[in-house]
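Read through the structure below, which is laid out as structure tokens, and then see the notes.
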Amino acid sequence: MQLWLPRILARCRPDICHFTNSVAPLDMRVPYVVTVHDLSLIKHPEWHPWSRRIWMRNILRPSIVRASGILCDSEATMRDLFGWLNVDPARSWVVPLAARKSFFADRPRNDREAIKAKYKLRRPFFLYVGNIEPRKNLSQLLEAYGALDPAGIDLVLAGRRAWQSRSVLRKAHKLMAQGRVHMLDYVSEDDLPALYQSALAFVYPSLMEGFGLPVLEAMASGLPVVVSGVEPLTSLVRDAGWLVRPEIVEEWQAALAEVIGDGEKRAILAARGRERAMLYSWEQSAKRTMQCYEQALNGPHRL
């Protein structure tokens, strides 16, 4: 990015470039837009490996400050950005993400049974989808689930084993040996809709998010959700799920117990969640992104 891309851009001279993961080449000669998903690296550097902190330290700030347009996934990330840098609100855009249309389509029973067979899931289960890393707060979830008598309800953790995942794996080891916790690693996008729709409920105990796309995917799939009561998850879910303080194990335990015991509430919240998920679309996101491009090309903040 820093060495070769500026040379390539100097030859082809595009009207504008869009860098979708917070950073851009420091030697940019054309207008560009940058997407900032979250500022966990700034607010919680302890959640990131030292190598990432070192190389991002001198790149992140100038990449954002010099951008002709800035996209954030949520109002929460935008507030964090304004609290950290003096950037122009006029060139800053909130552009939410969306769930793919395949998540809204009800999968036939045969598809759901095939997915459960593929991943050897024989009992009802809570589902988590996301990286296995510190900020996802899975140790708290495992503690709450382990202290619960779930009456034959398993816990499935689907996601890539990222930095410092070993502490989570150690905590999950005993429950895995009992057959109550299943670690699926990365699950392909083709399998995800049927996996969501096979679960009893979706659980997401994250300490910090830029948006919370897996939560939206779960709601689009018609799945009741139990999530951390932190922004932007609270604005995403509102009254369509259980909102739990992320670090209070007893609250997670109580919420999981209620999910198991109250089928009527599960159905009500699942229906509300799907309605909320329908408020977000990639068409809307694309339209706002194009508006940002046009403003970046025509505005005063050009390189």
| message | Checking the conditions here, which among 141, 127 is modelled with pLDDT of 95 or more, crowded, with 18+ Cβ neighbours inside 10 Å, in contact with a Phe, Trp or Tyr (Cβ under 7 Å, 6 or more places away or on another chain) and part of a helix (DSSP H, G or I)? | response | 141
| Subset tally (residues that are part of a helix (DSSP H, G or I) and either touching a Leu at 6+ places or on another chain (Cβ under 8 Å) or not assigned by TED's automatic domain parsing to the domain that holds residue 60 (or both)) for the stretch 75-100 | 4
| task | Hey, can you tell me all the residues within the stretch 149-164 that are touching a residue at least 24 places away in the same chain (Cβ under 8 Å), assigned to a loop (DSSP other than H, G, I, E, B) and closer than 15 Å to residue 181 by Cα? | result | 150, 151, 152, 153, 159
| Picking from 162, 218, 240, which residue would you name as being within 15 Å of residue 129 (Cβ to Cβ), surrounded by 20 or more Cβ atoms within 10 Å (Cβ to Cβ) and either at pLDDT 95 or above or in contact with an Asp or Glu (Cβ under 7 Å, 6 or more places away or on another chain) (or both)? | 218
| query | Restricting attention to the stretch 1-17, which residues are closer than 24 Å to residue 70 by Cβ, surrounded by fewer than 11 Cβ atoms within 10 Å (Cβ to Cβ) and either in contact (Cβ under 8 Å) with a residue 24 or more places away in the chain or within 31 Å of the chain's Cα centre (by Cα) (or both)? | reply | 15
| query | Any residue at all in the stretch 36-47 that is buried (at least 18 other Cβ atoms within 10 Å of the Cβ), at pLDDT 95 or above and either assigned to a helix (DSSP H, G or I) or in the same structural domain as residue 136 (by TED's automatic domain parsing) (or both)? | reply | no
| query | When you look at residue 243, is it touching a Ser or Thr at 6+ places or on another chain (Cβ under 9 Å), not in a helix (DSSP H, G or I) and not charged (D, E, K, R), yes or no? | reply | yes
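The values are calculated or read from the model by the stated rules, or taken from the named source; none is laboratory data. This one's a predicted model, so the numbers in the text were calculated from it and none came from an experiment. Glycine gets a Cβ as well: all are built from the backbone with ideal geometry, and neighbour counts include every protein chain shown.
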